[in-house]
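Taken together, the values in this text are just the output of simple stated rules run on the coordinates, not laboratory data. Keep in mind it's a predicted model, so treat the numbers as computed, not measured. Positions of Cβ are generated from backbone atoms using ideal geometry, with glycine treated the same way; all protein chains shown enter the neighbour counts.
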Amino acid sequence: MEMNIALLPGDGIGPEVIAQAVKVVNAVAKKFGHTIHFEEAPVGAAAIDLTGNPYPDETHEVCLRADAVLFGAIGDPKYDNDPKAKVRPEQGLLAMRKKLGLFANVRPTFTFPSLVHKSPLKLDRIEGVDLVFFRELTGGIYFGEPRGRNEQGTKAFDTNVYSKEEITRLARMGFEAAQKRRKLLTCVDKANVLATSRLWRETVQELAPEYPDVKVEYEFVDAVAMRLIQWPKAYDVLITENLFGDILTDEASVISGSMGLMPSASLGTDNKLFEPIHGSYPQAAGKDIANPLGTILSAAMMFEYAFDLREEAKAISDVVNKSLAEGIVTEDIAEGGKAYKTSEVGDWLAANI
Ligand code: IPM
Ligand code: MN
């Protein structure tokens with residue numbers, strides 16, 4: 001197969017982890033006889049420095065031309081400490097999601113046999129956890145208008161908005177995923193307080209009869225926050241709005257032992273983007289110490305979701321498991337033994353594909 005992949009390394013550790021994913025993707029292409037064309041483009045603080053815009057039109061064109069986008073991370077502390085900054089790197093990520101129509105963010109949480117003991121949670125609670133969030137990604141309080149401040153600057157407001165259509169397309173993806181998995185769907189909302197959540201619940205209730213094989217549970221987000229670490233095996237597929245999904249997926253990453261490990265896919269009707277759930281980790285930028293596995297596993301999701309190449313995806317997850325079992329890992333998950341550099345982990349994985 002011939003594949004065009006847009007590479008958006010972004011900020012902080014983004015370029016280092018993307019470089020490792022490229023090594024692994026190339027090794028997979030060689031092994032399975034695929035031809036891959038990469039096209040790189042700037043995004044985030046890197047793009048602001050070059051063009052003044054965190055998601056330049058040229059970058060958008062590169063994404064539109066590609067079959068899939070592989071994305072690193074966005075964010076730079078020089079903007080975090082300046083709440084008055086006019087342009088922020090994160091705006092690039094949000095603009096990219098919106099303009100590419102990436103309305104569904106698929107974030108799996110699973111455990112690695114060789115790492116379960118690293119989780120701060122008790123072993124019997126997390127062994128064998130296998131759940132997946134479908135986080136709505138282009139709506140809700142992240143994008144709702146009006147937003148901003150009053151004239152005096154003494155009051156600020158954001159607006160949470162959802163249309164039935166936005167809820168329906170995300171929920172359908174969740175139902176379909178549940179049908180292929182353990183057939184349990186949890187709708188996470190705050191329907192006891194929020195009008196938007198009541199529309200979520202009503203919409204999901206209306207769709208449920210179309211998926212009679214899927215059991216649907218409705219749970220308030222605060223209760224999910226608790227049960228997710230108390231008994232995560234209670235969940236299979238969870239669907240939720242943008243902000244709740246942002247928060248809960250960070251929480252869920254603790255189950256797997258390190259945030260550096262978790263991949264995600266952001267899917268739309270026409271475009272697909274793959275990114276680790278971690279941020280730009282500026283303290284580690286350029287030090288060759290960041291964990292590249294979240295990005296490498298995102299590349300595995302790319303083979304599966306963008307090209308329907310499951311064997312290729314499995315080749316990557318298998319070699320990742322092997323590296324974990326053999327301790328070829330970066331310092332965040334190394335114990336006792338030697339910690340490997342980001343680039344060494346990438347080299348090892350590519351050589352072992
Ligand atoms: C994520 C990130 C982003 C989000 C930030 C960087 C805007 O936390 O992808 O989860 O809130 O969606
Ligand atoms: Mn987040």
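Tabulated data
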| item | result |
| --- | --- |
| Segment 253-353: GluC sites (Glu not before Pro) in DSSP loop, at most 13 other beta carbons within 10 Å | GLU326, GLU335 |
| Förster radius 25 Å - calculated FRET efficiency between LYS341 and LEU50, Cβ distance, rounded to 0.05 | 0.35 |
| Rounded Å value of the spacing that divides the Cα centres of segment 91-113 and segment 234-296 | 8 |
| Overall form of segment 146-244 per C-alpha gyration tensor (a/c, 1.5; a/b vs b/c) | prolate |
| Reachable lysines, given that their alpha-carbon falls under 18 Å from the alpha-carbon of LYS164 and they are not under 8 places away in the same chain | LYS98, LYS190 |
| Low-density loop positions, trypsin sites (Lys or Arg not before Pro), segment 216-296 - DSSP coil, at most 16 other Cβ in 10 Å | LYS287 |
| Mean Cβ neighbour count within 10 Å, used as a protection proxy, ranking 262-269, 201-208, 180-187, 81-88 highest first | 262-269, 180-187, 201-208, 81-88 |
| Rounded, prolate or oblate (a/c below 1.5 giving rounded, otherwise prolate when a/b exceeds b/c) for segment 274-315 by Cα gyration tensor | prolate |
| Selection of GluC sites (Glu not before Pro), segment 89-156, meeting DSSP coil and at most 10 other Cβ within 10 Å | GLU151 |
| Global geometry of the chain, whether rounded, prolate or oblate, following the gyration tensor of its Cα atoms and the 1.5 cut on a/c | rounded |
| Under the Karplus curve 6.51 cos²θ - 1.76 cosθ + 1.60, θ = phi - 60°, whole-Hz ³J(HN,Hα) for segment 220-233, x wherever Gly or Pro sits | 6, 4, 5, 5, 5, 4, 7, 5, 4, 9, 6, 8, x, 5 |
| Placed amide H near LYS272: partners under 5 Å, 5+ positions off or other chain | VAL69 |
| Percentage relative contact order, segment 120-256, counting C-alpha pairs under 8 Å, at least six apart | 38 |
| All aspartates and glutamates inside 17 Å of LYS183 as judged from Cα atoms, apart from same-chain residues fewer than 8 positions distant | ASP130, GLU210, ASP213, GLU217, GLU219, ASP236 |
| Inter-label distance, nm, simple model (7 Å from Cα along the C-beta direction), ALA85/ASP270 | 3.0 |
